[in-house]
Structures are given as C-alpha cells and as structure tokens.
Amino acid sequence: HRSEEDALRADSIRRSEMARREQREGGFSEDDFLKAAGARMGFQRPADTRRPFELLNKTNQFNLNGRRLDEAGWHRYLDQEGAFLLVVDYEDRYARLGQIAVLLGVASDDDLRLDHWVMSCRAFSRRIEHQCLRFVFDTFAVDHIGLEYDPTPRNQPLQEFLTQTLGYTPEAGRLRLTRQRFDESAPPLFHAVEARS
C-alpha cells in the first residue's frame, strides 16, 4: 500500500518524463527546458531530522562516500561544534519532488567540509547538485569546500558528477573544491533558491 506522498511522487516523475520527451522531440536545448521548468529549490535546517536521517541511510547512487550513521552517531554528529544539516526540497511546473537531498558537514572560521551528501535519483538531470554546492559556497562565504569522497560499487552518478562536471579524477580521500573551479565548470543554473528557517 503506497502512501499519498508516494503516489504524488510517482505522478510527478511520470509528468516530468513526459515533459523531457517533449523537449527531446521538439529539439529544445537542456538550458531551454530548465529555464522553462520554473524550478524552485528550498534549503532548510530542519528541527525534525527523521526524514534526512532516513534519506542519508537509504541513498546509494548519488552518495559522496556510502557511509551510514546509526541514530546515536547521527545525533552525535549534529551535536558537534560547527556541524550543519541542510535538507533540500525541489519542485517545478512538472514535478513536486519533496525532500531530495541532504548535506551534512562541519564549518569553522576558515574551513568547510562535507562529510555526507546524498541526493535522490529522481532528482537527476536538473542541475540540483550544482545548486547545492553554490548554496554552500554562498551561505558560508568560503572559497573552498572539502568533500569527504569515497568511491563505492554503487555511487557511479556521484563519480560522474565529479569527473564530467568538476573535472576531477577522483580518488578516495578529501577533495578540495575551490569556488573558482566550481564557477568555471558549473553550467547555467535557473532555479529560484530560498533559504528556509
């Protein structure tokens, strides 16, 4: 038995795929399609962390390193100094995808690292991952982000993002992504972005 949210999500994905097919058949560019989609992304530091905890532990494909946290480890992480949790939701004129990405990291005066970053596979092909990084750069006013990266047998989409979009030849370990490198490699982004309390 599927929840109403599951049914909504399935319908959104179906309508989104129909729109994609129209884009391909009509000869519209990716930029044209994304511009016309009227996408909105919300970034929130939630009080209720159950859904992001679940998303972190069940997402495999776009996953920075495949590391899981149990409940005690999750709360321990969030309690450390400088820790932040960002939850991302997305909707456009074709689809309302709800909460689709989680970023978990630690920020200090001169450093920011992302220890966990996952995104639902239903959010692919919308440049959401680029906007996530741009939001972190802008919000924390840092000139680089440390990405705690590990390849896994299943995180190929994340690996492709690092190689094809950011130009890394990733190896396990902390990747240092500079603002300059990101700005030079990121495609145009058309989302309306909102920071929510």
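Would you point out which residue out of 103, 97, 78 is assigned to a strand (DSSP E or B) and without any contact (Cβ under 8 Å) to a residue 60 or more places away in the chain? Even if it seems obvious, please write down each step before you answer.
Values: 97 fails: without any contact (Cβ under 8 Å) to a residue 60 or more places away in the chain; 78 fails: assigned to a strand (DSSP E or B).
The conditions single out 103.
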Can you run down the residue pairs with Cβ atoms below 8 Å, 6 or more apart or on separate chains, where the first is in segment 49-65 and under 21 Å from residue 79 (Cβ atoms) and the partner is open to solvent by 40 Å² or more (accessible area, probe 1.4 Å) and of a type in the set (A, V, I, L, M, F, W, C)? 49/78
Within segment 160-176, residues being open to solvent by less than 40 Å² (accessible area, probe 1.4 Å), over 16 Å from residue 130 (Cβ atoms) and free of Cβ contacts under 8 Å to residues at least 24 places away in the same chain number 1
Tally time: how many residues in segment 107-127 are within 16 Å of the chain's Cα centre (by Cα), at pLDDT below 95 and either open to solvent by 40 Å² or more (accessible area, probe 1.4 Å) or of a type outside the set (Lys, Arg) (or both)? 6
Test set (1) more than 25 Å from residue 29 (Cα to Cα); (2) out of contact with any Asp or Glu (no Cβ under 8 Å at 6 or more places or on another chain); (3) surrounded by fewer than 16 Cβ atoms within 10 Å (Cβ to Cβ) - residue 67 fails condition number: (2)
For residues that are within 24 Å of residue 75 (Cβ to Cβ) and either surrounded by 17 or more Cβ atoms within 10 Å (Cβ to Cβ) or not hydrophobic (A, V, I, L, M, F, W, C) (or both), tally how many sit in segment 128-144. 3
With the requirement that a residue be under 30 Å from residue 47 (Cα atoms), in contact with a Leu (Cβ under 8 Å, 6 or more places away or on another chain) and open to solvent by 60 Å² or more (accessible area, probe 1.4 Å), what does segment 177-197 give you? 190
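The values are calculated or read from the model by the stated rules, or taken from the named source; none is laboratory data. None of these values were measured; they are calculated from a predicted model. Cβ sites come from the backbone with ideal geometry, for glycine too, and all protein chains shown count toward neighbours. Note: areas computed on protein heavy atoms with side chains; ligands, DNA, RNA excluded. Shrake-Rupley method; radii C 1.70, N 1.55, O 1.52, S 1.80 Å.
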